[in-house]
Every structure is written in C-alpha cells, then in structure tokens.
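Report on the structure given below.
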Amino acid sequence: MEQTAKKKAEAPKDKRQKLVDATMRRHGHSSYALIETLHSVQEAYGYLDDDNLRYVAQALRVPLSKVYGVATFYHFFTLKPQGDHTCVVCTGTACYIKGVPAIFSAIKKKFSIDPGETTENEKLSVLTARCIGSCGLAPAVVLDGEIAGKVTPDDVVERIGRLIQNDT
Amino acid sequence: MTPEEFYKIGETHREKRDQYKNNINVCIAAACVSLQSEKVRESLEEEVKKQGKEESCRVSGTGCLGLCAYGPLVSINNEQALYAGVTADDASEIVKKIDKEPIKRLAVSPELPFFARQNKIALEHCGKTDPDSLEDYLALDGYEALYDCLTTKSPIEVIEEIVKSGLRGRGGGGYPTGLKWSTVEKAVGEKKFVICNADEGDPGAFMDRSMLESDPHGILEGMAIAGYAVGASQGYVYIRGEYPLAIKRLRAAIKQAERQNLLGKNICGTPFSFDIDIRLGAGAFVCGEETALIASIEGQRGTPRPRPPYPAELGLWGYPTLINNVETFANVSPIFRKGAEYFSNIGTEKSKGTKVFALAGSIKNTGLIEVPMGISLRDIVFDIGGGIVDGKKFKAVQTGGPSGGCIPEEYLDMPVDYESLSKVGSMMGSGGMIVMDETSCMIDVAKYFMEFCKTESCGKCVPCRVGTAQMYMLLTRITDGEATMHDLELLEELCEVVKHTSLCGLGQTSANPVLSTIRFFRDEYIAHIKDKTCPAGTCAIANNKEAVQ
C-alpha cells in the first residue's frame, strides 16, 4: 500500500493532483484538513479512488482507516466512479410529497437502475440528494449540474434521454 | 480603510446609482437562476443598450425576492413594480415600458398579503443589493454597525445590546443569544472561535442558503461583531457542500471584505483583527449539532459528544467557541443599526423579533418569508401563502423538519413562537414549513422522516442507531398493512425510550414526527391497522390495492 502511494507521489503530477496538493499545502498538511482535501479530490477526480485515499492518508499522516472512515461517513463523498451523466433527484420533504417515488419508478422502467446506481454502459448515474434547497420548485432534479424544477416523471426521463442522445 | 473612506465609497456608489432614473433588478438567487434568470438579465442588458437607455437605466442582479414559486422575478425601481415568470423574450417590452404603467400580464401587486404582511429584518437587504457587490452593501450603510461597535462600544456593551434585543438562536433551540455570547466572553482561553452554522440539513428548508446567496456581507458583518464581543480572532462558516452558489458568493464576499480591510488584521485601523474561513460540510445531517459540527471542522467523522462541557467552554480544538446559526448572525447588524428596542418591540413576550420561514409543499406561494413572531399559522398558510394548490383541503403543516411535528387544522390559530410550537409537540426548527393537503398520508410522512433519521444517525449511541431502525420497521409494517394494534403500542413506547435516552438532538427529537402524527391523526393509524386502508390513498397499502385490482 505504501508503495503505491509513494509511486503516486513520485510520478509526474497531472493537473488534478496539483489541485489536491495545493489544498493540502494551504492547510499546512495538517490532519485537520482531511475533509477539505477529500473535497478537492472529489472535485478533481469525480470520486474518491483507493489510490488517492492512500495518498491523502500518507500526505496528511492520518491512518488510512480514519481516512476511509471519514470518506464513508459523509454522504457527499462517493467511492465509486460516476457515469458520463448524472441525474440527482432531490428527496427533500417538499419534493417527496410532490411525487419523488413516481420519478424513481419512471427512471427504473426506462433505464433499469435504482437510485445510487450507474447504467451498465456507464452513461448515466442516478443519485439522490437530501434536499437541494429548491423547495419552491418541487419536485426538482439536477441534471449534469443544472437544476430542473417542477418536473414530471415523463419530463425527467425525456430530459435524460436527450442528454444521452447528445453524446452520440 | 478609514471610516471616512468607506463612507465615501458608499456615498459615491449611492450617487452613482441615483444618477440612473430606472433600476432593473433581476433575482439571481438559486431558485430563479435555475429558471434561467441569468439569461433574462443578459437580454435585459442587451435591450437597454439596443434602445439607447444606458444613461438612465441600470440592470443588476439582486438577492432573493421571496416569491420563488413564480420565478424568474424582476423588480423595477426598488419594488415599485414586480414582474414574475419573466422570460428573455419579455426583455424588450420591459425596457420599452420602463417609465410607463407596469406591464399587466407580468406584474404582481406589491400589495399582496405575501408582501404586505412581511416584516424584513434579517432579509432586509435581500432583493435590494447585488450580492456580488460590496459597494452596494456599503451604500446601504453596510459595515457601519461593525465600525460603530469597534470604536464606540466595549465588548460588554455589545453583548448588553444583544441581551436587550431579546434575540434567541434561530437554529431551532431558541437559546438566548446574548447569554451565549456572554458565556463565551467570560470563558478563559488562549484563543476563541466564532462559528457560523450554515449546515442547513433539514429537508425542506432553504432560508440559510437564500440568505447567504442574497446578502453574504450581512452574515460576515454579524460574525465580525460577534468576534469582537467574545474576543475571538478567527471565524469559520461551516456550509453545506450542496450549495455551490452560496459558497461561491460567500468566498467572493470574504475576499472583497479582506481587500477593503473590513476583515483581516486591524479592521479599519482598530486593534481588532478577525479572519473568516469557509469549511465545507459533506452531507451529514448530524453535523448541524454543535459538537458534531466541531468534530467535522477538525477533520473527523461528525459524531457528537455529551454536553456539558458546552462548546462555549470547550469547543473547537478545546478552545471556547461561539456557534450561531446564519439567521442569528443576519439579525446582528440590523439590531445595532436600528437599535435593540426596535427589535424587542416586535414579536411576543418571550420570542422577540422576526423569523424567516421557507414555505413549501402544497401551497400556492412557495418561497421565502420573514414574519414577526406571534403571527398565527393560519395567516402564514392562507394569507401569505395563498392557501392550498388545486383547491385541495388543508391537512397539516410540518415545521422543524425531521425534529419537528405535523400540526393539524385545529391548531392553526396558535401563535408562532418557540414555546407554542413545542407545546403541540413540534418545534420552531430552523424554519422549514411544509404544507400538506388531504392527499398526504401522515404515516407515510412519519415514515419518510424516520427513514431520514435512520440513515442520518451517526451510530454512536444505541437508542438512536437501533431505535430509529426499529421505529422505521414498525412504520413500514403499518403502511404495508401488516401491523397489529400491539405494534402501535410498541411504537409509542419505543418513541419515548429513544426520546429520553439518545445522546444528541438528532435522536432525542427523531420520534417527534411519529409522536405528533399519532397524537393528531390516530384515526389514520387505526384505519391502516384495523381496516387495512389508507384514507389519503397514497401510501403502500393504497398502491398494493391498486395493483391487485
């Protein structure tokens, strides 16, 4: 394990790695910076991969078990790579009472995935958010970072379809 | 910067703004942005140029105008006219008719109860300033309260003013803010910290997000005053990672303030230094609890610890720490600008001032409101909120998120204050207010919140970790039509146990949604158990029946 981390430290650094390093440097490589650093890793790489968890553990001198503990404790962090497109469905109270379950079943019917999963061709990930704070627009989904409010289940499926189609 | 200099910046900016005959403000808070308000702003700017009105007409972004349901919102000449549902195509007409009668098809009357019944203190600047502009904030006497405190008041006098105002914590607990500040001030420590809790985890609440997006400088000023009062030189804003726009604006605001020496070393030439940093939360509801929040800033898992010792004595890295909610800090500088007495004259005997609520659910005017304490729930739901959508019947209003309860129709005339809400088994919470109509199954709602608490339980103490899972299981049996009356008894007993034996607020209040729905909607529980039917027709029983037929 140490070897991989070392190799990573020695290898020529790509831009993403530099971002992570900059965050750690800004906090003086203190162990307190663990969460901030994991935020930068996720921002740069899209998810927290094993190599990076090891690398961060070593650089901040925090036991790997603790890094893993923190990474899995917070819902914002994901240890799995995401598909090309993401659809985050808000499951806040306002969205829930306005029909989130129907959105999930429509997605399941069309793309055969449940919340938290990625399609086999790695095109689409469906995620949930506790509340994105757009309760005035309930029910709301976030498609590739853009909020779409007052959606119907058919809307969502159609919009996702369009996103995927634009790729090909 | 000397005070003369910043008065001057404000003054020149005011003059510059007054040169324009017409001001067009486009709401650029998250709800309107997601409805493409940035595009509306661009096309308005283009139109102003096209029609050669650059000299007389100024287009700028502004914070939340409140009526989120009808966005994107555009306010003309400081809310003389308010346009709702504006699209980029409306831009040319708006600019053309700027000096004339408001366009009827878009206009919303400012005399609507939605606007008329509000009293804006914490949201004072929302919709009036450009959140990206420090000059705008200075033009409205921004940072004057801070300067005034630093130069004319001792820390003790600052705290006395807050005590006099009667301000109580707006995060939900309602602890007197002045008392908290003076405890931290008296605590002995080499260093002290001020933390702004912006980890707005309650589903259905978006007050903190809107305030940070609309008036970031107001929060920073409040924090700096608090820092001076308690003797801290470092502040942290712990903000949800899910709020990218609020984070961006807050970061920009901190930089602007630092550049003008309104934050940083020797603020405005006084001996007081204060820095503010941002710490990102990572989606753990329990981090709204103060000891868990501190653990999270220290880079640990966000698990709470028993109190006392309270963070006021033993907080961040073991130093005395003041933790207040966003809205509490937003109230600080208005209290100094308008006087403690002005503030304490609003509200009820024990709950002073105003409260910001996020209205959502089956209600016409969803959005952000600020009302005086003591207003009745009926006024909020039917007058300000405009009643229920689609002519449906009101069923309950849920306050306090997963820690609160559902309040039925017969209690709608109750005044909204900390004590009255606790009396009916709910709580003020941070201010989310979800209105439910007759099609909401109350057991399904209780189950929804229990699922939330079960997932968000940090797992440290047994009653919460195991209790919430068991309560969830019992609720699922009820909605599946498999429960007996014994299960209901067991559920009630379990609620009491979890309530009294959990370590932190999350567990202690997790039973509230269940207890309050059992209290007010017992018939509905019994219909599920005995008759195996769901009167509202929306939970699992109803769906299964449909499937069978």
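Using only the C-alpha atoms, the convex hull of the stretch A:1-157 corresponds to 128 Å³ per residue. Partner shielding of B:362-370 amounts to 2, given as the average count of beta-carbon atoms from other chains within 10 Å of each residue beta-carbon.
Translational diffusion coefficient of the stretch B:1-110 at 10 °C, 1.306 mPa s, Stokes-Einstein with Kirkwood Rh over Cα pairs, in µm²/s as a whole number.
110 µm²/s
The ranking of B:202, B:89, A:144, B:444 from fewest to most other beta carbons within 10 Å of each one's beta carbon is B:89, A:144, B:444, B:202. Counting only DSSP beta bridges with both residues in the stretch B:354-437, the antiparallel share comes to about 80 percent.
Starting from the Cα of residue B:50, step 7 Å toward the Cβ, then list every residue of the stretch B:78-120 with an amide N under 14 Å from that point. Output list for this probe position: B:87-97.
For the listed peptides A:45-53, B:26-34, a ranking on the average number of other beta carbons within 10 Å per residue, highest first, reads B:26-34, A:45-53.
Loop-only trypsin sites (Lys or Arg not before Pro) in the stretch A:52-122, please: DSSP not H, G, I, E or B, and at most 14 other Cβ atoms within 10 Å.
A:61
Projected label points at residue A:155 and residue B:233, each 7 Å from Cα along the beta carbon direction, are separated by 5.2 nanometres. Using modelled amide H (1.01 Å from N, peptide plane; none on Pro or chain starts), what sits under 5 Å from the amide H of residue A:86, excluding residues fewer than 5 places away? Excluding prolines and chain starts, which carry no amide H, the hits are A:125, A:144. Shielding by partners for peptide A:29-38, expressed as the average number of C-beta atoms from other protein chains within 10 Å of each residue's C-beta, is 4.
For the stretch A:85-167, what Kirkwood radius comes out of the mean inverse Cα-Cα distance, in Å? The answer is 12.4 Å. Looking at the stretch B:1-69, the GluC sites (Glu not before Pro) that sit in a DSSP loop and have at most 16 other Cβ atoms within 10 Å of their own Cβ are B:54, B:55.
With the cut-off at 18 Å, tell me which of the pairs B:39/B:255; B:350/B:423; B:16/B:338 have Cα atoms farther apart than that.
The answer is B:39/B:255; B:16/B:338.
Note that the stretch B:354-437 shows a convex hull volume over its alpha carbon atoms of 73 Å³ per residue.
For chain B, the fraction of C-alpha pairs farther apart than 37 angstrom is 34 percent. Arranged from fewest to most other beta-carbon atoms within 10 Å of their beta carbon, B:438, B:124 become B:438, B:124. Peptides A:86-92, B:312-318, B:78-84, B:17-23 ranked from most to least packed give A:86-92, B:312-318, B:78-84, B:17-23, packing being the mean of other C-beta atoms within 10 angstrom over each peptide's residues.
Just order B:535-542, A:121-128 by mean Cβ neighbour count inside 10 Å, highest at the front, would you?
B:535-542, A:121-128
Just how far, in whole angstrom, is the stretch B:7-26 from the stretch A:76-96 if you go by their alpha carbon centroids? Taking the Cα centre of each part, the stretch A:76-96 and the stretch B:7-26 sit 42 Å apart.
What number do you get for the stretch B:76-127 when its Cα radius of gyration is normalised by 2.2 N^0.38 Å, N = residues?
That works out to 1.27 for the stretch B:76-127.
Values of log10 I(q)/I(0) for the stretch B:442-548 across q = 0.11, 0.13 Å⁻¹ run -0.31, -0.43, by the Debye formula with one identical scatterer at each alpha carbon and no solvent.
Per residue of A:62-69, other chain Cβ atoms within 10 Å of the residue Cβ number 1 on average.
In terms of Cα atoms, the Rg and Dmax of the protein assembly as shown work out to 25.4, 78 Å. Taking a ≥ b ≥ c as the square roots of the eigenvalues of the Cα gyration tensor, the stretch B:141-344 is classed as rounded, since a/c falls below 1.5.
Return the subset of A:150/B:447; A:98/B:395; B:393/B:532 for which the Cα-Cα distance in this structure is over 20 Å, preserving the input order. Pairs exceeding 20 Å: A:150/B:447; B:393/B:532. From least to most packed, judged by other beta carbons within 10 angstrom and beginning with the fewest, B:43, B:296 follow the order B:43, B:296. The charge dipole of the protein assembly as shown, taken about its Cα centre with unit charges on the Cβ atoms of Lys, Arg (+1), Asp and Glu (-1) only, comes to about 940 debye.
Read-outs: derived from the displayed coordinates by stated rules, not from any lab. Here the structure is a predicted model, which is why all the values come from computation and not from measurement. Positions of Cβ are backbone-derived with ideal geometry, glycine not excepted, and every protein chain shown enters the neighbour counts.
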